[in-house]
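For reference, the structure is listed below as structure tokens.
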């Protein structure tokens, strides 16, 4: 698709040309490691189990991803460069895809840099490689969906602060909506809807190392839906 590669390079270099990417990666690594060893008390448990560590990843990503995506389109609108970008001979979806891949690549780097954690934890016991691969795949799928959602909110926001707050709020709702249903005692069709919408609920299978095609389809559909929604939003802005 013509256009997405130059945008990807521009966004990726821009992120690493400023402290933002480095700061977010370090904060992500420090927080997740501290949570595992000090909050979850991994060594106090006495056996090798990272299920709770992976289980909190969707909540952490709900804060980390918006910090990356908040500037995607909100900053372009503030600086007036968004209109210039939209006048280039590229389809809106190509521009959106380029920005999405750049942000997702940074999140993926942060996630993959946590791989030494299981190796350190293996001092207490061995891990199933298939389960571990499934857990990491689940985290990356959550990150992809969250990045697409963050981009859409950024395309609707007036500035970076509102983009960050809006993305974080929406992602937290989508992560915790199944718990809300349980807390309210909701049953029937409404409970099923809440469970289906939940990013964390669909991650549960991956957290156990189980690859369910329905969960995979959910994340892929959510990612492409919000990418399309972002390109549609930009298209309306272009022709308005």
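Just so you know, all these numbers are worked out from the coordinates, no wet-lab data involved. Keep in mind that this is a model prediction, so the values were computed, not measured. All Cβ positions, even for glycine, are placed from backbone atoms using ideal geometry, and neighbour counts span all protein chains on display.
Some notes on this structure:
- At full extension, residue 10 and residue 196 could sit 63.4 nm farther apart than now, given 0.36 nm per residue minus the alpha carbon distance.
- Length released on extending from residue 137 to residue 22, taking residue separation times 0.36 nm less the Cα-Cα span: 39.1 nm
- Extension gain (nm, one decimal) between residue 165 and residue 56, 0.36 nm per residue minus Cα-Cα: 37.3 nm
- Pairwise FRET efficiency - residue 128 versus residue 75, Cβ, R0 = 30 Å, nearest 0.05: 0.10
- Shape metrics for the range 136-210, restricted to C-alpha atoms - Rg then Dmax, Å: 13.9, 41
- Order of 37, 22 - criterion: other Cβ atoms within 10 Å of each residue's Cβ, fewest first: 22, 37
- For the pair residue 109 and residue 182, a Förster radius of 35 Å applied to the C-beta separation gives a FRET efficiency near 0.55, rounded to the nearest 0.05.
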